[in-house]
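The values are calculated or read from the model by the stated rules, or taken from the named source; none is laboratory data. What you are looking at is a predicted structure, and each value in this text was computed from that prediction instead of being measured. Using ideal geometry, Cβ is built from the backbone for each residue, glycine included, and neighbour counts are taken over all protein chains shown. Ligands, DNA and RNA are excluded from the accessible area calculation, which covers all protein heavy atoms including side chains. Shrake-Rupley method; radii C 1.70, N 1.55, O 1.52, S 1.80 Å.
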Amino acid sequence: MPFLKKELMQISLASLAVLILAAALQPVPGYMDAEYYYVGGIRLVTGYGFTEPFLWNYLDQPTGLPHPSHTYWMPLASILSAIGMAITGAQSFLAGRWLFILLAAIIPILAVKLAEELGASPASAQLSGWLAIFPGYYLVFSTLTETFVLYILGGSAFFLILASKDKRLQPGMGWMRYVLLGLVAGYMHASRADGILWFGLAGLVWLDEHFRRGFRDVNWHRAIRHLLALTLAYLLIMAAWYTRNLSLYGVLMPPGGSKTLWMTDYDQTFAFPSDALTPSNWLAAGMQVHLAARVHALWMNIKNLIAVQAEVFLLPLIAIGAWQNRHQKIIRFGILGWLLTLLLMTVVFPYSGSRGGYLHSGAAFQPLFWACAAVGLDTAIALGVRRRGWSRKKAGIFFSRSLILLAAGITTVVFWGRVISPGLHAPKWSDSQRSYSAVGSRMDQLGVPEDAIVLVNNPPGFFLSTGRQSIVIPDGGEENLLAVAEQYGANYLVLDGNNPKLVDLYQSNHRKDGFSFIETIGTMKLFQIHYEP
């Protein structure tokens, strides 16, 4: 039985209230990914197009500043942020993220709908919506200019389309499902580079629906029509981006992303020069290194599944709900998609995968997990009714409320630890912004030219806080630092204690070859760089 509009409205309003409170406690993007997409939105809305006034990696061998933007990360989050700013006529962080907050408020409704599609009772389906309101670790990222909300929405849409029945469409209109799947796949790819996996998953849906019984009974006219609908809809979203890549690099995909295949540790994301990231160097590292990295990535990603996506206490219910619906297409392809994502972020990209890649990509399956948990609760209660004589109604109320309270408690604890701690007077979420703002103010007082290029750990965050151009501190020691500075004309270095290979320089308060210490600003140290022009 579908829910009354009143109940869905209550869930959506409760979600919006939680999101607004979270957003009020996160006045700044807080970390590099969200800062990057926000800056991208500002550049778009101010007429600079897809360019960026910083370099945060050297994978595509950039020639200088400004640099083409979104050559590693995809553009949709920045485009949405720019739309929010264009509508409001402002460039504040609130203007850049209000659309993300509104979209996030829709997620609980989609979780309810998915639970209904899986056959959950009305009360348990409503539980899935409340689990989406209190999503544990994911609330931290739900109000930001980031891809989490976009991916959760895209995954929800994909599975709801998959669950739809052809009988809901007019005769001969089955191709519309493939148009919708193609649009969602394009949307997912425009959100994240690994989103192309969803186009592949849609292709597997096409194969399953048309070729499961073999080639003899295939309606080739219909199969080709559906494949064209899927592909053209996907290209409707992605063709412009492929065209841009062709004009910049002569290839469909930017060259930097493929180099991450040959990394042997995470810090090589910032390697300079990046031409050392080659198959031969990868092979030279030895299979023991590569196997260890993938075992570690698998362990980290599985821990992520248990602790973040399932919040530990939901894992048994998710497993029960998935098993109950194991023959449904939505579950079969949900599990397949999750396994492909896990494989991608464990075997192909173990370093970025274990450092946040799986956390981002796996978000697309979160509504399906909540829906499975609702079905799992129904199954567990039914068992209690049969074997223990429980009252179905009372047990449903008790367990649903207990699970909601547990989810709310975990969400609060995680949010406090990640965002507010040690207190509202100086929340850790704003630490980076406060530090870089202090550095920027002091550089202004010292008369550092506004057009000076600065080496920093977090170029997008530094630009947001100071308005100054910057490039990322490369992987390596002082010699590599000087090489990058000379290559791109950087004159200043802002160094913190998070660079193990530059500890000696950080601890030095006097001139070293190529570096003149200026002063300490909080936890940051400011140096002037000297090299032969």
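Can you give the Kirkwood hydrodynamic radius for the stretch 274-320, in Å, rounded to one decimal and based on Cα pairs? Its Kirkwood hydrodynamic radius stands at 13.0 Å. Kirkwood analysis of the stretch 49-188, using all unique Cα-Cα pairs, places the hydrodynamic radius at 17.6 Å.
Amide hydrogen proximity for Asn457: with H placed 1.01 Å from N in the peptide plane, the residues at 5 or more positions away or on another chain lying under 5 Å are Ile473. In this structure, the amide hydrogen of Arg192, modeled 1.01 Å from its nitrogen in the peptide plane, lies closer than 5 angstrom to no residue at least 5 positions away or on a different chain. Report, in listed order, any pair from Lys6/Lys113; Lys259/Lys303; Lys303/Lys428; Lys6/Lys393; Lys303/Lys394 with a Cα-Cα distance greater than 23 Å. Pairs exceeding 23 Å: Lys259/Lys303; Lys303/Lys428; Lys303/Lys394. Peptide packing: for 436-447, 118-129, the average count of neighbouring Cβ atoms within 10 Å per residue gives the ranking 118-129, 436-447, highest mean first. With respect to the chain, whose longest principal axis is taken over its alpha-carbon atoms, helix 220-249 is tilted by about 10°. With a Förster radius of 41 Å applied to the C-beta separation of His425 and Leu102, the computed FRET efficiency comes to 0.85. Rolling a 1.4 Å probe across all protein chains gives Phe333 an accessible area of roughly 10 Å². In the full protein context, the stretch 46-155 carries 28 Å² of accessible surface per residue, based on a 1.4 Å probe and ignoring ligands, DNA and RNA. Packing around the peptides 336-345, 30-39, taken as the average count of other Cβ atoms within 10 Å per residue, puts them in this order, highest first: 30-39, 336-345. Between the Cα long axis of helix 431-445 and the first principal axis of the chain there is an angle of about 30°, rounded to the nearest 10. For the pair Glu478 and Leu207 in one chain, pulling the backbone fully straight at 0.36 nm per residue adds 92.2 nm over the alpha carbon distance. With the biggest extent put first, the Cα atoms of the stretch 313-374 measure 34, 24, 15 Å across the principal axes. Against the criterion of solvent-accessible heavy-atom surface with a 1.4 angstrom probe, Ile331, Ile237 sort, most first, into Ile237, Ile331. Any chance you could check the Cα centroid distance between the stretch 367-396 and the stretch 307-323 for me, in angstrom? If we compute the Cα centre of each part, the gap is 14 Å.
For the chain, the relative contact order comes to 18 percent (Cα pairs under 8 Å, sequence separation of at least 6). Couplings for the stretch 94-106, taken from phi via the Karplus curve 6.51 cos²θ - 1.76 cosθ + 1.60 with θ = phi - 60°, read 4, 5, x, 10, 5, 5, 5, 5, 5, 5, 5, 5, 7 Hz in order; Gly and Pro are left as x. First compute the accessible area of the chain with a 1.4 Å probe, then give the percent of it belonging to carbon and sulfur atoms. That fraction is 64 percent. Starting from one equal scatterer on each C-alpha and no solvent at all, send me the Debye-based log10 I(q)/I(0) for the stretch 14-117 at q = 0.16, 0.24 Å⁻¹, two decimals. Debye curve over Cα of the stretch 14-117, log10 I(q)/I(0) at q = 0.16, 0.24 Å⁻¹: -0.76, -1.24.
Over the C-alpha trace of the stretch 425-492, radius of gyration and Dmax come out as 12.8, 42 angstrom.
Glu486 contributes about 100 Å² of solvent-accessible surface, heavy atoms of the protein only, 1.4 Å probe. Taking a straight Cα-Cα cut-off under 16 Å and skipping sequence neighbours fewer than 8 places away in the same chain, the lysines within cross-link reach of Lys525 are Lys501, Lys512.
Peptides 510-521, 494-505, 315-326, 139-150 ranked from most to least packed give 139-150, 315-326, 494-505, 510-521, packing being the mean of other C-beta atoms within 10 angstrom over each peptide's residues.
The phi-based Karplus calculation (6.51 cos²θ - 1.76 cosθ + 1.60; θ = phi - 60°) puts the 3J(HN,Hα) values of the stretch 11-28 at 5, 5, 5, 4, 4, 5, 5, 5, 5, 5, 4, 4, 4, 5, 8, 10, x, 10 Hz, whole numbers, x for Gly and Pro.
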